[in-house]
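The values are calculated or read from the model by the stated rules, or taken from the named source; none is laboratory data. This is a predicted model, so every value here is computed, not measured. Reconstructed Cβ throughout: ideal geometry from the backbone, glycine too, with neighbour counts over all protein chains shown. These area figures cover heavy atoms from the full protein model, side chains too; ligands, DNA and RNA do not enter into them. Shrake-Rupley method; radii C 1.70, N 1.55, O 1.52, S 1.80 Å.
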Amino acid sequence: MPKPKSFTAWLKTHADQDNAIGDLARDVSRDPDWPSRKGLPGQHTYLEERGAISAAIETLERAWTQYEQYKAVQDK
């Protein structure tokens, strides 16, 4: 069974969606400073330090929840 994608790789696969997670995925894809390896706490801090609106941070958290569900299925 293939290893699950990293969060950032998983998120980027959603860039074609016309919703908040798709918006976040497109932003992350264009951001050369995105902290891919920092996990949720580091990415949360990164958004806060850049003055992200609360909706963007909530979207990150919602995306992480979906990512964890994806990983759980992949790990079975």
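Listed values, structure above:
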| quantity | calculated |
| --- | --- |
| Angle in degrees between helix 39-49 and the longest Cα principal axis of the chain, rounded to the nearest 10 | 10 degrees |
| Whole-percent carbon and sulfur share, accessible surface of the chain, 1.4 Å | 50 percent |
| Surrounding net charge for LYS5, when Lys and Arg each add one and Asp and Glu each subtract one, Cβ distance under 11 Å | +3 |
| The chain - mean residue ellipticity at 222 nm from DSSP helices (-39,500 (n - 2.57) per run, n ≥ 4, rounded to 500) | -20000 deg cm²/dmol |
| Helix 54-74 vs. the chain, principal-axis angle (Cα, 0 to 90°, nearest 10) | 10 degrees |
| With Cα atoms, 0 to 90° folded angle of helix 20-30 axis to the chain main axis | 80 degrees |
| Under 16 Å from the Cα of LYS76 - lysines, other chains or at least 8 residues apart | LYS3, LYS5 |
| Ranked by how many other beta carbons lie within 10 Å on average, peptides 25-31, 51-57 from highest | 25-31, 51-57 |
| Surface accessible to a 1.4 Å probe, per residue, for the residues of the chain, Å² | 66 Å² |
| Radius 13 Å from Cβ of GLU61, net charge of other residues (Lys, Arg +1; Asp, Glu -1) | -2 |
